DNA sequence: GATGAATGAGCATTCATTCAT
DNA sequence: CATGAATGAATGCTCATTCAT
């Protein structure tokens, strides 16, 4: 333990104060999210976040003990949000392939969910900050969950005769995970970016049927 | 302008001086590559590079006007190396699917080619440093080439009856590009990382035949 | 001006309110004393004091306009406490040398009197915070008193034939004052710290008889 | 080991570069010494030191890895300087009491030696920064030396019949060490501060003969 | 050309103090 | 009166970049 908080106030959960605090924290998180998305971890400065929120720098430190902690909070939020999306999809009474497609859609964009995006980008961003995150909470457990949700869908699909049960689930999973990163290539190649849905459809089509001729 | 060194004095191309300069530049690039791979852009310091090369910090600035320029040089190198790998594969007298699998292998690892790795990691690392790079040279042109090589293979495949010619090449291409990022999930989920080849096989299998039952 | 609280409203001296205020102030002083003794001025934080007392940080500022003022109040308290100890000793019907020895004991330790300790430590701590203190109240007057008490004892001793009256009282005083600082050397050199009394005895012996052979 | 120096340059001991470096370091030390003496550790800022020296802040960090290190260097310097003074005095062919008096003079002032002063003030300044110092080098060993030099003189004195050999040397030493701190009382009490020599004479007189009447 | 000491803008973090509730 | 969230000036430290030698 390193923190030197002396005043550990535990306010009533529903009180006005507490609600205001929550709002403040939310505002900071949203702003930081935007800055992080724009500039990345190293170029996101506490000064800028504070300025954009319209508060003093010190105020951020009232809610997050350090830049790293703020970042981890952001990442965790993204991860949980992403996971929650998947959980909901996984439980829906739809054919396995439709569920998978919905997951692709979520991963590819769904602009409403910048949170997921943050998660995805950090996530796929190589070794960037991984160490930092690990120090604070175990991602493994959450990734296990993620993998479990997807594996479950895949197995549902096999059971329902939708998917070829001669292919090991793990292989299917691996390929699917590889597809989750939205390719950055597009921005570079092309004029018009595909919508999350269109992209998911194209990718999904291949995922399900492959490209081979008969 | 494409050259990144800014020596005003252009020595005779084959002279001793010039050869030594080239070696020096090469040494810097290789070292920086290693550091970049280990620590990422922001934690790669000019001091460390200089120390590892065994030259003075100022000397780096004789060859690269800034850290960003050095980075861009590195990235470009990686991109060209990757592209060259693809060009070679594309030209080989192999079935299209084998050629595609070789490309996957190259993207997924091929530890001998740290250069490609650098390229891939930066590349898939979200917005990281993209701006910077764009300022210096147009990636678009190179990506166009990359896409062209792959599209060519896909069309070869269609012509040879290997691939389903009712699927637009662009769709195939999009899905293939989405697969090029090696998923980071592995490290998190699992015990044993797959070799580049194994991973390419699994992913390739799905890419070619899909996961659907008949 | 000597009072350090700046409440504009002066309540009836014996009222309940006033008594509670006094208690509050006393509690703050005691706590601050402890923190100051433990951590020193710069590492004593208003947050910690408030937390230890169990009040809000702002409340401290109701009674002390600034950290410096709080410190000065503490110092003054220590000084007065030390002075009071000396006053009591000075008035006792004991041989001069016994009274001096008691003063040494008080200066060297007397663990019960943390207040005196605070005073002594700040006091002997070089220039530390002197300016600050001077801005707020004149120590000179109190030191004059301190010197007067001791000089009086020394002169009592001369009159009683205990001390050599060919030595100017001022010289005796100077040497005595020099001895009042407990040497920190001990902690560094040695195993077992002497008790305040043992140290006073040894130092006193030399003070009274010197170290010369006959 | 924590340092991240990459370029560990080992220059020729007598080279011009090296001499310049020494001068620079010396200048920083002297300036820092002055600031430390004026303001104490916590209010000595790296900015101020740099400004006074007329260099950039970063330059200080070229020579001292942190503020703490700078401080420790300063303290060590003071300690060694003080010790060296004592060593020289201890070896002189003078009566023991004259040697002790010289040591008092040195401790009390000798304005030329601000270094010793720094040492003395930190030293007597309570717990201030002790921890910090200990982390970096063992003071104990040096204090042992200091105590040894003085003990040696005391025993010389006993052997020569100057001092009463019925008093344990340790007692003599303890009292002497207690006298080493120049009393701060003076500044407060009096108009005219005594010169280091006058003070040493007065204190010495009492130390040698005590204040008792016959 | 090399060198590496010097630079200084930039950044995370702390904490005494204020003031709206 | 009491509170404690908010403030923001201050500070230690880093590191890409420059330039005199």
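The values are calculated or read from the model by the stated rules, or taken from the named source; none is laboratory data. Since the structure is predicted, the reported quantities are computational estimates derived from the model, not experimental observations. Neighbour counts are summed over all protein chains in view; Cβ atoms, including those assigned to glycine, are modelled from backbone coordinates with ideal geometry.
When residue D:45 is tested against (1) within 12 Å of DNA strand E (Cβ to nearest atom); (2) within 18 Å of the chain's Cα centre (by Cα); (3) within 14 Å of chain C (Cβ to nearest Cβ), only condition (2) is not met. Filter the range C:27-51 for residues that are free of Cβ contacts under 8 Å to residues at least 60 places away in the same chain and not in a helix (DSSP H, G or I) and give the result. Answer for the range C:27-51, where residues must be free of Cβ contacts under 8 Å to residues at least 60 places away in the same chain and not in a helix (DSSP H, G or I): C:40, C:42, C:43, C:44, C:45.
Within the range D:52-69, the residues that satisfy the criterion of being more than 13 Å from residue D:27 (Cβ to Cβ), within 14 Å of DNA strand E (Cβ to nearest atom) and either free of Cβ contacts under 8 Å to residues at least 40 places away in the same chain or assigned to a helix (DSSP H, G or I) (or both) are D:56, D:57, D:58, D:61, D:66, D:67.
When residues in the range D:178-203 are screened for being modelled with pLDDT of 70 or more and buried (at least 21 other Cβ atoms within 10 Å of the Cβ), 9 of them pass. Note on the range C:158-168: residues that are touching a helix residue (DSSP H, G or I) at 6+ places or on another chain (Cβ under 7 Å) and surrounded by fewer than 18 Cβ atoms within 10 Å (Cβ to Cβ) total 2. Selection within the range A:130-145: residues that are more than 10 Å from chain B (Cβ to nearest Cβ) and farther than 15 Å from residue A:80 by Cβ. The member of this set that is surrounded by the most Cβ atoms within 10 Å (Cβ to Cβ) is A:132. Remark: residue A:22 matches the filter, which requires a residue to be closer than 18 Å to residue A:76 by Cα and within 13 Å of DNA strand F (Cβ to nearest atom).
Among the criteria (1) away from chain D (no Cβ under 14 Å); (2) within 15 Å of DNA strand E (Cβ to nearest atom); (3) more than 23 Å from the chain's Cα centre (by Cα), the one residue B:14 does not fulfil is (2).
Whenever a residue of the range C:189-214 is within 7 Å of chain D (Cβ to nearest Cβ), its partners that are surrounded by fewer than 21 Cβ atoms within 10 Å (Cβ to Cβ) and modelled with pLDDT under 80, lying with C-beta atoms within less than 7 angstrom and at least six residues away or across chains, give the pairs C:208/D:212; C:209/D:212. For the range A:78-91, filtered to residues that are closer than 15 Å to residue A:33 by Cα and either buried (at least 19 other Cβ atoms within 10 Å of the Cβ) or within 14 Å of chain B (Cβ to nearest Cβ) (or both), the residue that is nearest to DNA strand E (Cβ to nearest atom) is A:78. All told, residue D:73 meets the bar of being closer than 23 Å to residue C:42 by Cα, more than 13 Å from DNA strand E (Cβ to nearest atom), more than 14 Å from every other protein chain (Cβ to nearest Cβ) and modelled with pLDDT under 95.
Against the conditions (1) at pLDDT below 80; (2) over 21 Å from residue B:168 (Cα atoms); (3) more than 7 Å from chain B (Cβ to nearest Cβ), residue A:168 satisfies every one except (1). On the phi < 0 side of the Ramachandran plot and within 16 Å of DNA strand F (Cβ to nearest atom): which single residue out of B:51, B:90 fits that description? Answer to the selection: B:51. In the range B:17-26, which residue that is within 12 Å of DNA strand E (Cβ to nearest atom) and surrounded by fewer than 16 Cβ atoms within 10 Å (Cβ to Cβ) is nearest to residue B:54 (Cα to Cα)? Out of the qualifying residues, it is B:23.
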